[in-house]
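Written out below as structure tokens is the structure these notes cover.
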Amino acid sequence: MFGYKLAVNEYSLLHATPPMSSPKILRDCKELVDPAGFLDVDKDTLLHKKYENIFGIGDCTNLPTSKTGAAVASQLRVVRLNLDAKMSNKKMEASYLGYTSCPLVTGYNSCILAEFDYNGQPMETFPVDQSKERLSMFLMKKYFMPQIYWSGMLR
């Protein structure tokens, strides 16, 4: 009618993700953020690149890794150790390697737990081959991870 042709694609699964950003209150602090609006921290120490009294963790940072609860838990340990060192005038020795964990549901009762570092290299924490679909990983994702997140991490 208007000279446009619509492309028709068939999908068995389509996952649309909205644009991600840090909170507006942080984006408005131009001296703290990178050009994309995320807290500008060193990817290893998690210390702000400009201000020696600011550390960052989680979704608001410009870390080149997935934004997951498992990543935040790993980052928190590094910040705690480096903050203690900084406050004691000692060298910061803790380093965040980019650890993150993504449970990939592959069926009604199977899951692959992908754990990896900044370079996409596996950082598996279980003594089994995590590249294989497992019921145990599915049960952990379905029953245990929500409890850990909502009742543990967020408290």
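No lab work stands behind these numbers, since they all come straight from the coordinates. Predicted model, so just to flag it, every value in this text is computed and none were measured. Cβ atoms come from the backbone with ideal geometry, glycine included; neighbour counts cover every protein chain shown.
From the coordinates of this entry, Cα extents along the principal axes in Å is computed, and it appears in (i) 66, 43, 26; (ii) 84, 30, 28; (iii) 64, 53, 30 under the label (iii).
Which FRET efficiency, nearest 0.05, do K90 and N119 yield, Cβ-Cβ r, R0 35 Å? With R0 = 35 Å, the Cβ-Cβ based efficiency is 0.75.
Separation of the stretch 98-134 and the stretch 32-96, taken as the distance between their Cα centroids, equals 24 angstrom. Between M145 and N9, residue separation times 0.36 nm minus the direct Cα-Cα distance comes to 45.5 nm. Past 23 Å, Cα to Cα, is the threshold; run K50/K91; K30/K91; K49/K90; K24/K141 against it and keep the listed order. Pairs exceeding the cut-off: K30/K91; K24/K141. Take every DSSP beta bridge whose two residues both sit in the chain; close to 90 percent of them are antiparallel.
The peptide list 92-105, 13-26, put in order of mean Cβ contacts within 10 Å with the highest first, becomes 92-105, 13-26.
Less than 15 Å Cβ to Cβ from W150, Lys/Arg counted +1 and Asp/Glu -1: what total charge do the surrounding residues give? Walk me through the numbers on the way to the answer.
Working: positive: K141, K142, R155; negative: none.
Every neighbour counted, the sum reads +3.
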